[in-house]
Amino acid sequence: MRNITILLLLCTLAFPAAGQRRDGQRQGGRGFLEELSGRNRFSWEYDADFHYIFDNREFAYSDDAWIPSGTMHTIVFAPTVGFSIQQSRRVHHRLTAGVEFAHDMGSHTWADLAREPLIFYDVHVQARRGVFEALAGIFPRRYMEGSYSEAFFTGMFRNSDRNLEGVLLKWRAQRFYTELGLDWMGQYGPQTRERFQIVSAGQWQAAWWLSLGWTGSFYHYACSGQAQNVVDNHLLEPWLKMDFSRRTQWQELSAQLGGYVGYQRNRTLEAQPRFPFGGELKLTARRWGVMLQNTTYFGGNLMPYFRDTDPAGLPYATNLYFGSPFYEGFHDLAELAWTPQLTHYLSLRLAARAYFGAEGFRGWQQICSLRFSLDALRHRDTALGRCL
């Protein structure tokens, strides 16, 4: 692993110089590689993504719901190298390989500095009515562009499980976007379960002030050698969003209403599945990079097995659910955030969150996040979404 790391870092430094030489060749005519390949133009690719994460949670235990207090203080650096082929004006291929380096502040264990490889294929196809993109391999989670609430993924989960291992399909048209992804999370073993998650999201801009969409998750939590039971955890949220900021000086002035329908079944213990459901109202006001948002959930327990244990005695908890366990009854989240766009390749987020339940104040959270994206610097028109 040390030799691979050194090689990747050297390649990251070498490819910019190679790109400069190639650009010099193009100034005097077509590049040598282009002359050989004709329409299939070849070029080297390189990228580096840096992410600083501070996430402090201070929650008090209660009779109904709790999240352990703790702090995530991590730096992540992910250099990648590869190449791309412009097959035609409509088709573009890219192959990328790299390593994600991460370190938890205060930890003196450096053996796991290289956390995960990044190896993936990415293709763009320009169609008559939109753009299709497909990724396969191990790639950053930030390529997902759907609007997933904290009933699906908490911020802590997104920051700790930063990559997908599988495929992601995306389609973008003028007023419509959808994605479908598969994340293979576990392989069957004596102590590890076979598990995978299928996620989907979509949005249609019905009018300048109205959007309709959905988010969904199909999570299959299968057997291990010690625990021969299967648990199903599926969740669907159709939603509508009204944003009236277009004719004002606000960046966003919106109200989003969504409804949750779940399918929960522990196949070993229950013959019939459970169908929890609930509703959520999200109010957002944003101006000058300052956001004030309030999210209120009302309904049933979307995570009924959160505190249960499997036949091996291990808790389901965050192995089965990646969303906030506060989605078990009335839940209110108030957030004040500042997200100035420092440059198109450097973004900052400062936030404070307060959590409330039926019993009153539950706790609060402070967040500081800084991200630098070399890809956004090199391709400003296409990489803004990945940077944010």
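The values are calculated or read from the model by the stated rules, or taken from the named source; none is laboratory data. A quick note: this is a predicted structure, and the numbers were derived from the prediction, not measured. Neighbour counts run over all protein chains shown; Cβ positions are idealised from the backbone, glycine included.
A few notes on this one:
To keep it simple, each residue is scored yes or no on (1) touching a helix residue (DSSP H, G or I) at 6+ places or on another chain (Cβ under 8 Å); (2) surrounded by fewer than 16 Cβ atoms within 10 Å (Cβ to Cβ); (3) modelled with pLDDT of 95 or more; (4) closer than 30 Å to residue 300 by Cβ.
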position	(1), (2), (3), (4)
58	no, yes, no, yes
62	no, yes, no, yes
67	no, no, no, yes
76	no, no, yes, no
98	yes, no, yes, no
104	no, yes, no, no
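- The one condition in (1) aliphatic (A, V, I, L, M); (2) farther than 27 Å from residue 79 by Cβ; (3) in contact with a helix residue (DSSP H, G or I) (Cβ under 6 Å, 6 or more places away or on another chain) that residue 207 fails to fulfil: (3)
- Look at region 214-233: where a residue is within 14 Å of residue 184 (Cβ to Cβ) and a partner is part of a loop (DSSP other than H, G, I, E, B) and hydroxyl-bearing (Ser, Thr, Tyr), sitting 6+ places away or on another chain with Cβ atoms under 9 Å, you get 219/321; 221/316; 222/188.
Okay, residues lined up against (1) in contact (Cβ under 8 Å) with a residue 12 or more places away in the chain; (2) within 30 Å of residue 293 (Cα to Cα); (3) not hydroxyl-bearing (Ser, Thr, Tyr):
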residue: 112; (1), (2), (3): no, no, yes
residue: 135; (1), (2), (3): yes, no, yes
residue: 148; (1), (2), (3): yes, yes, no
residue: 179; (1), (2), (3): yes, yes, yes
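- Among the candidates 302, 336, the residue that is aliphatic (A, V, I, L, M) and surrounded by 15 or more Cβ atoms within 10 Å (Cβ to Cβ) is uniquely 302.
- Residue count for region 225-284, restricted to those that are closer than 30 Å to residue 193 by Cα, surrounded by 14 or more Cβ atoms within 10 Å (Cβ to Cβ) and among the β-branched types (Val, Ile, Thr): 3.
- Residue selection: residue 297 satisfies the criterion of being in contact with a His (Cβ under 7 Å, 6 or more places away or on another chain) and assigned to a strand (DSSP E or B).
- Lone unmet requirement of (1) surrounded by 15 or more Cβ atoms within 10 Å (Cβ to Cβ); (2) at pLDDT below 95; (3) over 21 Å from the mean Cα position of the chain (by Cα); (4) not small (Gly, Ala, Ser) for residue 109: (1)
- Region 97-109 residues that are closer than 14 Å to residue 46 by Cα, paired with ones that are assigned to a loop (DSSP other than H, G, I, E, B) (beta carbon under 6 Å, 6 or more apart): none
- Subset of region 151-182 [outside any loop (DSSP other than H, G, I, E, B), within 28 Å of residue 365 (Cα to Cα) and either at pLDDT 95 or above or not aromatic (Phe, Trp, Tyr) (or both)]: 155, 156, 158, 159, 160, 163, 164
- Evaluation of residue 214 against (1) farther than 25 Å from residue 325 by Cα; (2) part of a strand (DSSP E or B) (one fails), failing number: (1)
- Among residues of region 80-124, those that are hydrophobic (A, V, I, L, M, F, W, C) and part of a loop (DSSP other than H, G, I, E, B), counted: 4
- Answer from 186, 216, 181, 202 - the residue that is in contact with a Ser or Thr (Cβ under 7 Å, 6 or more places away or on another chain) and within 16 Å of residue 153 (Cα to Cα): 216
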